Amino acid sequence: MVAQPGLVMADGNDLVLGRLGAHQSDGTVIGQNLELRGLASQLGVVLAPHLLTPADTPGFGGFELAFDYATTTIDNNAAYWRVREGAPDPSGTGVQAPGFLRTTGLFVRKGMWFPLPSFELGGGAVHLVDSRIWAGQLYAKLGLHEGYHDLPIPSVSVRGAVSRMMNQRELDLTVASLDVTLSKHLGIGGTWRLDPFIGWNLLMIVPRTEVVDGTPDIDPLDPAHPMDGASNFVFKEQQNIYRNRFFVGAKAQFAWFYLTLELELALKGSSVDDRQGTTSSCMLDSPTSSCDATDPAASQRTLSVSAGLDL
C-alpha cells in the first residue's frame with residue numbers, strides 16, 4: 001500500500017484542510033467560511049498563550065524555567081473537526097474528535113531592568129499532542145503595582161503575547177493576546193509562598209490559508225486523475241476572530257521549586273466575518289464564499305499546570 005502525498009507521517013490531530021471544501025457539479029470546490037472560522041477559533045484557544053504566573057514579575061535578577069501541560073475542551077460534535085487526520089468520518093458529521101486537546105510546553109521567563117522597572121520577557125514553544133503542530137510564543141509583561149505584600153492591596157500587571165502555529169502547510173494561525181492580572185502574595189510558615197491570581201484576557205485570532213488541496217486522498221501525480229489540480233482552492237481572508245477569556249489560578253513555591261495551577265474559561269465566539277456586498281449568512285455546505293460567517297465556536301475550558309524553577 002502506497003501512502004498518499006501530504007499524509008505521510010501524519011498524526012491524529014494534524015489538519016487536512018481540504019475536508020472543509022464543498023464539491024460543486026462543475027468540479028470546483030468552495031471553501032466553507034463558517035467552518036474555517038469555527039475551527040480557527042477553537043484551535044486558536046487551544047494554542048493561545050496561558051498566563052500561569054501571578055502579577056508580580058521575578059525582578060530584574062530573576063529567572064524562571066517552566067514545563068507546562070494543558071487540556072482544553074473543544075466542541076467535538078462540530079462538523080469542522082473532521083479536518084483532523086484521525087477523524088472517524090472525514091466526510092460526515094457527528095463526533096469527530098475527543099472532548100479535549102492536550103498541549104505541552106517549555107518556557108523561560110526573565111525579569112528585566114530595561115526599558116521599564118518591573119518588566120518581564122518570556123518565550124517558549126507549545127506542542128499539540130498527537131500532531132506535528134508546534135506554536136512559538138513570546139510575551140512581555142509590565143508590573144503596574146507590585147511588591148507591597150504587607151498591605152491589603154493586590155499586585156497588578158498587564159501582558160501582551162503572541163503565539164504562531166507552525167508545521168501545518170495549508171493553515172497559518174496567529175494568536176495575539178492581551179491580559180490584565182491581579183494577584184496577592186501570601187507567606188506560609190516562613191518557608192512556603194502562595195500567590196493566588198485572577199484576570200481577564202482578550203484573544204485576537206488571525207487565520208490565513210495557503211492553496212488547499214480539495215481532494216487530499218488523490219495523488220495529484222496520478223495519471224488517472226489529470227484534472228485533479230482544478231479542485232484546489234483558497235479560502236478568502238477572514239476578519240480577525242476575538243474571544244474573551246477569564247482565568248483564575250495559584251502559584252505555590254518552596255525554595256526554588258514551584259507549581260502553578262490555572263483554570264481558564266473562554267466565552268463562546270461571536271465575532272462576524274462581514275463580507276462586502278452581501279447580507280447572507282453562511283450555512284453548512286454553502287455554495288458560495290460570499291457570505292457572512294459568525295463564529296460558531298462554543299465556550300471552552302482549559303486546565304493548565306506548570307512546574308519549574310524560580311531562580
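Here are some notes:
- Answer from THR174, THR181, THR191 - the residue that is β-branched (Val, Ile, Thr) and modelled with pLDDT under 95: THR191
- Scan of segment 92-104 for residues that are surrounded by fewer than 17 Cβ atoms within 10 Å (Cβ to Cβ) and part of a strand (DSSP E or B), ordered by number: PHE100, ARG102, THR104
- Hey, TYR69 buried (at least 19 other Cβ atoms within 10 Å of the Cβ), in contact with a Lys or Arg (Cβ under 9 Å, 6 or more places away or on another chain) and among the aromatic types (Phe, Trp, Tyr) or not: no
- Qualifying residues in segment 143-157 (those that are touching a strand residue (DSSP E or B) at 6+ places or on another chain (Cβ under 9 Å) and surrounded by fewer than 18 Cβ atoms within 10 Å (Cβ to Cβ)) - the one farthest from GLY59 (Cα to Cα): ILE153
- Check on SER290, of a type outside the set (A, V, I, L, M) and in a loop (DSSP other than H, G, I, E, B): yes
- Per the conditions (1) under 30 Å from VAL248 (Cα atoms); (2) β-branched (Val, Ile, Thr); (3) out of contact with any Lys or Arg (no Cβ under 9 Å at 6 or more places or on another chain), the sole criterion not satisfied by THR28 is (1).
- Taken together, the residues in segment 275-288 that are surrounded by 13 or more Cβ atoms within 10 Å (Cβ to Cβ) and under 25 Å from the mean Cα position of the chain (by Cα) amount to 2.
- Failed item, numbered, when GLY86 is tested on (1) in contact with a helix residue (DSSP H, G or I) (Cβ under 9 Å, 6 or more places away or on another chain); (2) at pLDDT below 95: (1)
- Just so you know, in segment 22-63 the residues that are under 26 Å from the mean Cα position of the chain (by Cα) and of a type in the set (Ser, Thr, Tyr) include one that is modelled with the highest pLDDT, and it is SER41.
- Selection status of ARG245, charged (D, E, K, R) and free of Cβ contacts under 8 Å to residues at least 40 places away in the same chain: no
The values are calculated or read from the model by the stated rules, or taken from the named source; none is laboratory data. This one's a predicted model, so the numbers in the text were calculated from it and none came from an experiment. Backbone-built Cβ (ideal geometry, glycine too); neighbour counts: all protein chains shown.
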